[in-house]
Amino acid sequence: MIQRRAFIASIAASAAAGLLAPRVFAAPLAKMTGVELRGPIDAIALKTTPGASDFKSGKLQAMIDNAARTNIPLFLPPGTYNISNLTLPDNTRITGVPGASRLVYSGDGHLMNADKARRIELSGLVLDGGNRWLADYAGGLLQFTGVDEVLIDNCEIAGSRKHALQLERCGGRIERSRISGAAEAGIYSVQSTGLAVSSNRVEDCGNGGILIHRWDKAEDGSSVINNRIARIGANDGGTGQNGNGINVFRADGVTVSGNHVADCAFTAIRANSASNVQISNNQCLRSGETAIYCEFEFVGATISNNLVDGAANGIAVTNFDKGGRLASVTGNVIRNLSLTAPYAQDGGFGIGISAEADTLIADNVIENAPLWGLRLGWGQYLRNVVATGNIVRHAGIGCVVSVADGAGSAVIAGNLFQEMEQGAIMGFRWDKPASGELVKGNTQFPQLTIENNRLV
């Protein structure tokens, strides 16, 4: 009886193991140059030893073409592949072992490009430019043009002499990847069609982190969410063209949320001529200039629940002279600002929040703004700005409001000011004081409503 029970248990265990074991296909092996095709759903796997002297870019190109044509992924085993000038056809899917399958650019052109494709997918690859020269026609180490879906996941892209990744007229997703050491930007996308950039690390780039641009101002719809961006330089100089962690230019309807952006030469998040932009729940640390900037020809912006620690200015919503207007700035925490910046500007630096037209500034906390906590308007450029429910602690002046000729209306109500060096609320004509303390009310400037504020 014991032997019979043991025999039955053995049969049951064998059956269970068969159900759980990987499925084996009986299809015969199809031999191809340099590859083996195993069964109808297996990936094509390299047969040539990585790094071997007989391994050439042309051989890998043939494998990529064959895999795309037969609708099968190409798998690269661990190793180093010294290659260049790969062209990715439609339906390319290349996958490797993360951190171990290394494609190293050998020079003389570009590493990879794709043009007019429906879908290109790269995953688990290390793509190393080795800081080698790139051809004049190459905008980046990897370049995609007119690709409906670019899907890059869990890759490492390093050492580009230009942009690490350049996309023109592309959609898709760039996610869970690490991009570092680009001489220009980590990711440069122009004319996107709803690109999603999420959960990446972008570090140590020469001129920019993640750039969402358009040639002409129009709807873009991209999203930049939950990325970590650090140590972005401005090697080509300027007054904000370079040195930004996230830069949105002429692209409308973009969402920038949940990012951690630190140590940028200029701005953590900069939206230039970008309407309907949402900037929320980001951490912006140690920015060289203004931490969050919304400027020039934009209509519609929400800037909410961000944390700024260390910058020359905190948040600026400006350029009403160029049509920039209509925003809400709410629930942000801004602290530890500085009087110094990469260049000089009228009025100076060390300002918590600036706004000029059709803007609500509410429920923010500002601490350690050495110049001004709030700046409402600049010269004649003031219209319909409301500042309410804000806390400003330890500032040169708590709130400066423009009373220059031509300036419009503002409401300053229900704010709390503590430890002001010069005053809580003062009128200014451009950068010159035009009033005394106004915290207890205003009878001097009929365009201003000032009430229920408190200085402690």
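About the Cα centre of the chain, what is the dipole size in debye to 20, counting +1 per Lys and Arg Cβ and -1 per Asp and Glu Cβ, all else neutral? It would help to have the intermediate numbers written out before the result.
On the way: 39 positive and 41 negative charges, 339 e Å.
So the magnitude is around 1620 debye.
Once you treat every alpha carbon in region 283-394 as an equal point and sum by Debye, what is log10 I(q)/I(0) at q = 0.16, 0.19 Å⁻¹?
Taking Cα atoms of region 283-394 as identical point scatterers yields -0.62, -0.90.
Toward the positive end of the charge dipole of the chain, about the Cα centre and with charges on Cβ (Lys, Arg +1; Asp, Glu -1), which of P78, I120, A407 goes farthest?
Positive-end residue among those listed: P78.
Take the chain, mark every one of the GluC sites (Glu not before Pro) that falls in a DSSP loop and has at most 15 other Cβ within 10 Å, then report the longest stretch left between them, sites excluded.
Result, exposed sites excluded: 1-296.
Measure nothing but the geometry: give the 0 to 90° angle between the long axis through the Cα atoms of 57-69 and the longest principal axis through the Cα atoms of the chain, rounded to 10°.
Once rounded, the angle reads 90 degrees.
What does the charge add up to near L416, with Lys and Arg as +1, Asp and Glu as -1, over the other residues with Cβ less than 13 Å from its Cβ?
-1
Where Lys and Arg each count +1 and Asp and Glu each count -1, what net charge lies around G352 among other residues with Cβ under 12 Å from its Cβ?
Here the charged neighbours net out to +2.
So how do W133, W372, W215 rank on accessible area, 1.4 Å probe, biggest first, that is with the largest at the start? If you can, show how the numbers build up before the last one.
Values: W133 135, W372 10, W215 115 Å².
I get W133, W215, W372, largest accessible area first.
Counting heavy atoms of the protein chains only and a 1.4 Å probe, report the per residue accessible area for region 48-455 as a whole number of Å².
Ligands and nucleic acids excluded, the figure is 36 Å² per residue.
At 1.4 Å probe size, put F296, F266 in order of accessible surface, largest to smallest.
So, going from the largest accessible area down, we get F296, F266.
Please list the non-local residues whose amide H lies under 5 Å from the amide H of F428, H modeled 1.01 Å from N, same-chain partners needing a gap of 5 or more.
V401, S402, V403, A434
Rounding to the nearest 10 and keeping the result within 0 to 90°, find how far the Cα-based axis of helix 2-20 lies from the longest principal axis of the chain.
Roughly 60 degrees, rounded to the nearest 10.
Can you list which of the trypsin sites (Lys or Arg not before Pro) found in region 151-213 are DSSP loop residues with at most 14 other C-beta atoms within 10 Å?
Passing sites in region 151-213 do not exist.
Arrange the residues T92, T330 by how much accessible surface each exposes, largest first, with a 1.4 angstrom probe.
Ranked list, largest accessible area first: T330, T92.
When the accessible area of region 48-455 is computed with all protein chains present and a 1.4 Å probe, what percentage of it is carbon and sulfur?
Of the solvent-accessible surface of region 48-455, carbon and sulfur hold 46 percent.
Quick one: P(r) of region 128-208 from all Cα-Cα pairs, 5 Å bins, percents rounded to integers, in order of increasing distance.
4, 17, 28, 26, 18, 5, 0
The values are calculated or read from the model by the stated rules, or taken from the named source; none is laboratory data. As the structure is a computational prediction, the values presented were derived from the model and not from experiment. Glycine gets a Cβ as well: all are built from the backbone with ideal geometry, and neighbour counts include every protein chain shown. Accessible surface is based on the protein model in full, side chains and every heavy atom, while ligands, DNA and RNA are left aside. Shrake-Rupley method; radii C 1.70, N 1.55, O 1.52, S 1.80 Å.
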